Amino acid sequence: MRGVQSRTSHQQAAGRDPVREDIEARLSAELAVVVSGARRRALRDGDRQLDTAHLLHTLLESDPEVREVFESGPQVARLLGYLVQRSIGYGLRWQSSVEDSGAIPVVAEDGWSPVAAGTLEVACERALRRGDDRAGVVDLLAAIVAEPESRAVEVLGRAGVDVPVLLARIDAAADRGIGA
């Protein structure tokens with residue numbers, strides 16, 4: 001009972017954002033699992049906020065449709081290697097900072113970096129454009145990859161992923177109906 005009380009108190013103290021809750025309600029079941037896993041990863045890593053690298057890491061680990069849009073298994077393995085390094089020390093320089101694209105003023109979301117919160121909104125908009133009420137995993141991947149100032153794009157670049165080529169592969173997969 002004690003854990004429930006502290007969680008509730010934490011949520012009340014943090015001032016849950018009803019807009020964020022509305023967006024999270026517009027996620028597919030698969031994407032909701034990814035977001036939940038990314039939250040656990042951020043907490044486990046000791047990060048102040050869930051960022052796009054947490055989201056990318058969890059997307060890659062949990063969803064085969066996401067892995068399919070990459071060039072090869074070795075590319076995915078190399079990328080996961082960089083993301084693991086990030087969680088065990090490579091990302092320590094990020095722990096004391098907020099992921100921010102610089103395009104908008106930094107507003108700390110409840111547990112979300114401004115860029116990660118923005119990519120979730122873009123994923124929902126992408127789903128609506130194709131006529132779906134719920135954003136899927138590939139919608140979120142596309143939103144993350146399209147944000148040039150995200151930590152995830154920095155990791156992609158360090159792992160040797162050609163980001164414009166990846167974005168084109170994501171769009172081609174969406175055209176084939178993958179990841180909806």
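Examine the stretch 111-126 for a residue that is open to solvent by 50 Å² or more (accessible area, probe 1.4 Å), among the charged types (D, E, K, R), at pLDDT 55 or above and under 17 Å from L31 (Cβ atoms), and state whether such a residue exists.
There is at least one residue in the stretch 111-126 that is open to solvent by 50 Å² or more (accessible area, probe 1.4 Å), among the charged types (D, E, K, R), at pLDDT 55 or above and under 17 Å from L31 (Cβ atoms).
Are there any pairs, at least 6 apart or on different chains, whose C-beta atoms fall under 9 Å, with the first in the stretch 117-137 and on the phi > 0 side of the Ramachandran plot and the second among the basic types (K, R) and open to solvent by 70 Å² or more (accessible area, probe 1.4 Å), and if so, which?
none
So which residues in the stretch 132-159 are open to solvent by 50 Å² or more (accessible area, probe 1.4 Å), in a loop (DSSP other than H, G, I, E, B) and modelled with pLDDT under 90?
Of everything in the stretch 132-159, just one residue is open to solvent by 50 Å² or more (accessible area, probe 1.4 Å), in a loop (DSSP other than H, G, I, E, B) and modelled with pLDDT under 90, namely E149.
The values are calculated or read from the model by the stated rules, or taken from the named source; none is laboratory data. The shown structure was predicted, so the numbers you read here are calculated from the model rather than taken from an experiment. Methodologically, a virtual Cβ is constructed for each residue, glycine included, from the backbone with ideal geometry; neighbour enumeration extends over all protein chains shown. Protein only, heavy atoms only, side chains kept; ligands, DNA and RNA dropped before computing areas. Shrake-Rupley method; radii C 1.70, N 1.55, O 1.52, S 1.80 Å.
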